[in-house]
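Report on one structure; see the data block that follows.
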Amino acid sequence: MKLVRELLFPLIAVLAAFVIGGIVVWIIHDSPWETYKLLIGSAFSWPDGIGYTLFDATPLIFTGLAVAVAFRCGLLNIGAEGQLYVAAFAAAWVGIKFGAPDPDNTAIAQFVHLPAFLLLPLCCLAAIVAGAVWGGIPGLLKAKFGSHEVINTIMLNFIAIALLGYFTQYRYKIPGDAILQTAPISPHASLPTLGRFIPGFPERIPLNLAFVLAVIACVLVYIFLWKTKWGYELRATGANPSAAEYGGVSIRKQIVLAMAISGGLAGMVGINEVLGYRHRYYDGFSANYGFVGIAVALLGRNHPLGVFLAAILFAILLRGGIFVDAFTLHVSKDIVDMLQGIVIILVALRPEAIFGSSLKKFGLMKRAKI
Amino acid sequence: MRQIFTLSLLFSTIRLSTPLVLAAVGGLYSERSGVINIALEGLLLAGAFTAAAVTFYAHSPWVGLTAAILAGAAVAAIHAIACIRFKADQVVTGTGINILFIGLPAVLSGALFLSSGSTPQIPKDNLLPALSRFLPFMPAWRIFTDVSIISLLALVVVLLTRYVLYRTPFGLRLRAVGENPEAADAAGVGVNVMRYTGVILSGALAGIGGAYLSIGQSSLFTRNMAAGRGFIALAALIFGKWRPVQTMLACLLFGFADALTIQMQGVAKLPWNPSEDIPVQFIQMIPYLVTIVVLAGFIGQSRAPKALGIPYQKER
């Protein structure tokens with residue numbers, strides 16, 4: 001019954017969003033049926049459809065987990081966007097400065113030339129730590145001064161974007177490059193694509209080891225939240241702060257911890273983006289991953305398995321959006337943003353406020369315990 | 001310095017602050033009633049798109065402006081129903097609306113104008129006019145030619161809000177349901193009615209702000225043209241301690257920082273290295289840093305309405 005309850009409401013929300021989206025498509029004189037066939041069907045071809053879908057899902061898994069961990073502690077991390085930018089830049093910085101330079105890097109000097117087996121983990125670590133620090137700041141501000149994490153994370157998003165814009169433009173760009181991007185990272189810092197390991201899977205598809213890391217992260221987050229004392233205290237803080245404090249949990253510590261872990265997870269997007277895909281920091285690369293992560297976490301009921309499934313669903317839509325753009329007359333790929341927005345609004349609604357007492361009748365609602 | 005602190009800087013500050021003021025004062029009505037309105041960004045976008053699209057067909061900025069007000073109010077009503085009737089998490093719903101209005105205007109403009117997310121150019125005569133249009137006998141001073149009628153409207157809205165909030169029964173009730181809904185309810189004030197009113201008013205005002213973006217400051221709607229202004233308005237609201245005049249001053253400060261960034265580009269040099277420009281990014285950052293400092297309570301405590309973010313459940 002628990003599983004039914006956990007799956008049913010997100011599913012209803014997605015279906016309802018599709019119905020509303022379908023009405024919009026119909027109003028603008030396109031066929032909802034054809035649009036949805038393109039939107040969903042495009043993801044399942046081998047190898048391109050599946051490869052690109054999993055590649056698109058990777059950052060969403062990370063940001064979804066990030067938002068979910070914060071949510072479990074009763075915090076809304078709306079700053080995953082800034083955290084992943086800072087992390088991506090940190091990964092790129094280590095990749096540029098600590099390894100033998102890429103032939104295209106004619107401008108930026110190196111500190112040392114580390115071998116790949118040291119450089120690659122160091123780059124990953126840089127991303128996680130940078131994200132954790134950028135996420136930890138609002139945590140610390142909340143724990144120390146009680147200032148609201150939502151506003152602080154939004155402000156830190158803007159600060160991150162401005163700061164990194166400066167570093168990219170004035171410090172780490174190759175002079176004369178018309179694009180706002182850093183010099184390429186060392187070839188020793190690049191994460192191999194899965195095409196190297198899977199026979200018949202072409203290497204041109206950017207799906208890389210970061211996806212494997214994302215799956216591992218899901219498992220680790222599950223273990224952390226439900227099998228460790230720290231995770232228990234974190235969830236206790238989110239469920240009932242005063243009771244947790246009465247039970248001896250330091251709420252302030254939990255807030256900082258949750259935000260730092262959340263930031264670190266968001267920062268892992270940098271591993272996929274910089275080390276696995278572009279091999280440089282590219283200004284403004286994120287397609288709203290941080291904000292879509294909120295939808296992913298909510299739809300996945302803040303559970304790692306749910307996050308994984310929701311990220312795949314949204315990646316399917318992202319992938320399909322490209323085909324909708326190309327093969328329909330009126331509908332553009334922006335319909336994906338629209339559907340995501342509707343899904344977020346719908347999953348935010350309290351089921352008991354919509355369906356009222358009929359839920360209790362079917363045993364889908366826990367009765368209030370006294 | 002002379003090159004930077006000019007009259008243009010002043011007018012540029014007014015121009016850039018106008019949408020912020022309208023959105024922030026809109027947010028004030030919502031938040032004072034106890035409903036967090038992080039959806040200001042989406043409301044601005046809804047207003048901006050509607051204003052541009054309707055003006056394009058109707059050839060009149062006034063029709064466009066009215067449509068933008070209605071659109072803002074309608075979208076805010078969605079937020080209100082989700083938050084009040086269905087007790088949704090207010091920040092999450094707001095985020096949903098923000099993402100929805102990155103997508104929806106682009107989908108609609110793609111369908112209506114076969115473009116990738118923007119409306120066609122609107123002729124200059126159909127844009128929201130400057131003050132000089134209404135003052136035919138005035139000399140061509142820049143205050144009349146460079147300042148939009150909407151900027152004046154924003155100022156009026158602020159002063160009116162100050163009056164309404166502190167001097168009328170409506171304002172007292174609005175503040176009461178945001179501070180202590182139980183007591184307000186016991187005194188016979190309809191908590192949910194006040195909250196619906198507050199949120200819908202915020203949408204209407206943000207709609208005007210959006211209209212100013214697309215058919216006042218600019219001459220078309222472009223994808224995601226609010227560019228974070230809704231979030232800055234929210235920050236200004238908090239910076240201004242949820243009070244109308246202080247909020248306007250905060251908006252002016254943010255607008256000033258923005259204007260300064262534009263004005264300083266390629267002009268201001270580093271004091272220790274006159275051959276290098278001061279990077280604009282550092283000036284862009286200032287308002288955000290200031291907000292964080294203010295929130296942390298270093299410059300006077302900014303206290304939110306007590307019941308902000310908490311759905312009201314009537315006792316049975």
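A few points about this structure:
- Here A:Val150 does not fit the description of being part of a helix (DSSP H, G or I), more than 7 Å from chain B (Cβ to nearest Cβ), surrounded by fewer than 24 Cβ atoms within 10 Å (Cβ to Cβ) and of a type in the set (Val, Ile, Thr).
- Against the criterion of being under 30 Å from A:Glu203 (Cα atoms) and at pLDDT below 90, A:Ser45 qualifies.
- Qualifying residue in segment A:280-287 (condition: within 14 Å of another protein chain (Cβ to nearest Cβ), of a type in the set (A, V, I, L, M, F, W, C) and under 30 Å from A:Phe18 (Cα atoms)): yes
- Identification of helices (runs of 4 or more DSSP H) wholly contained in segment B:176-245 with 1 or more residues that are modelled with pLDDT of 95 or more yields B:191-212.
- Condition met for A:Tyr170 (modelled with pLDDT of 90 or more and over 19 Å from A:Ala116 (Cα atoms)): no
- Residue within segment B:186-196 that is surrounded by fewer than 18 Cβ atoms within 10 Å (Cβ to Cβ), in contact (Cβ under 8 Å) with a residue 12 or more places away in the chain and among the charged types (D, E, K, R) present: no
- Just one of the listed residues (A:Asp56, A:Asp102, A:Asp30, A:Asp48) is farther than 30 Å from B:Leu112 by Cβ and either surrounded by 18 or more Cβ atoms within 10 Å (Cβ to Cβ) or in contact with a strand residue (DSSP E or B) (Cβ under 9 Å, 6 or more places away or on another chain) (or both), and it is A:Asp102.
- Candidates in segment B:1-57 are the residues that are touching a Ser or Thr at 6+ places or on another chain (Cβ under 7 Å) and of a type in the set (Val, Ile, Thr); of these, the one that is surrounded by the fewest Cβ atoms within 10 Å (Cβ to Cβ) is B:Ile14.
- When each of A:Leu140, A:Leu125 is tested for being farther than 21 Å from A:Leu180 by Cβ, more than 14 Å from chain B (Cβ to nearest Cβ) and surrounded by fewer than 24 Cβ atoms within 10 Å (Cβ to Cβ), the lone residue that passes is A:Leu125.
- Conditions (1) surrounded by 16 or more Cβ atoms within 10 Å (Cβ to Cβ); (2) part of a helix (DSSP H, G or I); (3) modelled with pLDDT of 90 or more; number of the one not met by A:Pro10: (3)
- Test: A:Ala217 is crowded, with 21+ Cβ neighbours inside 10 Å and over 21 Å from A:Leu141 (Cα atoms): yes
- Checking each residue in segment A:322-341 for being in a helix (DSSP H, G or I) and surrounded by fewer than 23 Cβ atoms within 10 Å (Cβ to Cβ) picks out A:Ile322, A:Phe323, A:Asp325, A:Ala326, A:Phe327.
- Identity of the residue in segment B:63-91, under 19 Å from the mean Cα position of the chain (by Cα) and without any contact (Cβ under 8 Å) to a residue 24 or more places away in the chain, that ends up surrounded by the most Cβ atoms within 10 Å (Cβ to Cβ): B:Ala67
- Any pair with Cβ under 6 angstrom, 6 or more apart, that starts in segment A:295-309 at a residue that is within 14 Å of chain B (Cβ to nearest Cβ) and ends at one that is surrounded by 21 or more Cβ atoms within 10 Å (Cβ to Cβ) and of a type in the set (D, E, K, R): A:Asn302/A:Arg72
- Output for segment B:109-129, where each listed residue is more than 7 Å from chain A (Cβ to nearest Cβ) and either closer than 23 Å to A:Val25 by Cα or at pLDDT 90 or above (or both): B:Ser109, B:Leu112, B:Phe113, B:Leu114, B:Ser115, B:Ser118, B:Thr119, B:Pro120
- Per the listing B:Ala68, B:Ala106, B:Ala53, B:Ala111, the residue uniquely over 19 Å from B:Met194 (Cα atoms), of a type in the set (A, V, I, L, M, F, W, C) and touching a His at 6+ places or on another chain (Cβ under 6 Å) is B:Ala111.
- For segment A:192-211, the tally of residues that are in a helix (DSSP H, G or I) and touching a residue at least 12 places away in the same chain (Cβ under 8 Å) stands at 5.
- In the set (1) over 30 Å from B:Val92 (Cα atoms); (2) part of a loop (DSSP other than H, G, I, E, B), A:His188 fails one condition alone, (2).
- The one condition in (1) surrounded by fewer than 18 Cβ atoms within 10 Å (Cβ to Cβ); (2) in a helix (DSSP H, G or I); (3) among the β-branched types (Val, Ile, Thr) that A:Ile174 fails to fulfil: (2)
- Segment A:12-42 - residue that is β-branched (Val, Ile, Thr) and more than 13 Å from chain B (Cβ to nearest Cβ) and, of those, nearest to A:Asp56 (Cα to Cα): A:Ile40
- Condition broken by A:Asn272, with the remaining ones in (1) in contact (Cβ under 8 Å) with a residue 60 or more places away in the chain; (2) more than 14 Å from the chain's Cα centre (by Cα); (3) in a helix (DSSP H, G or I) satisfied: (2)
- Residue tally, condition crowded, with 19+ Cβ neighbours inside 10 Å, more than 19 Å from B:Arg175 (Cβ to Cβ) and more than 14 Å from chain A (Cβ to nearest Cβ), over segment B:226-251: 1
- Residues that are farther than 26 Å from B:Arg303 by Cα, facing chain A (nearest Cβ under 10 Å) and of a type outside the set (S, T, N, Q), drawn from segment B:264-292: B:Glu276, B:Asp277, B:Pro279, B:Val280, B:Phe282, B:Ile283
- Residue satisfying condition, being out of contact with any helix residue (DSSP H, G or I) (no Cβ under 6 Å at 6 or more places or on another chain), part of a helix (DSSP H, G or I), surrounded by 22 or more Cβ atoms within 10 Å (Cβ to Cβ) and not acidic (Asp, Glu), within set A:Thr168, A:Thr237: A:Thr168
- Candidates in segment B:204-224 are the residues that are of a type outside the set (Val, Ile, Thr) and within 14 Å of chain A (Cβ to nearest Cβ); of these, the one that is surrounded by the most Cβ atoms within 10 Å (Cβ to Cβ) is B:Phe221.
The values are calculated or read from the model by the stated rules, or taken from the named source; none is laboratory data. Values in this document were obtained by computation on a predicted structure and should not be read as measured data. Note that we place each Cβ from the backbone using ideal geometry, even for glycine, and neighbour counts take in every protein chain shown.
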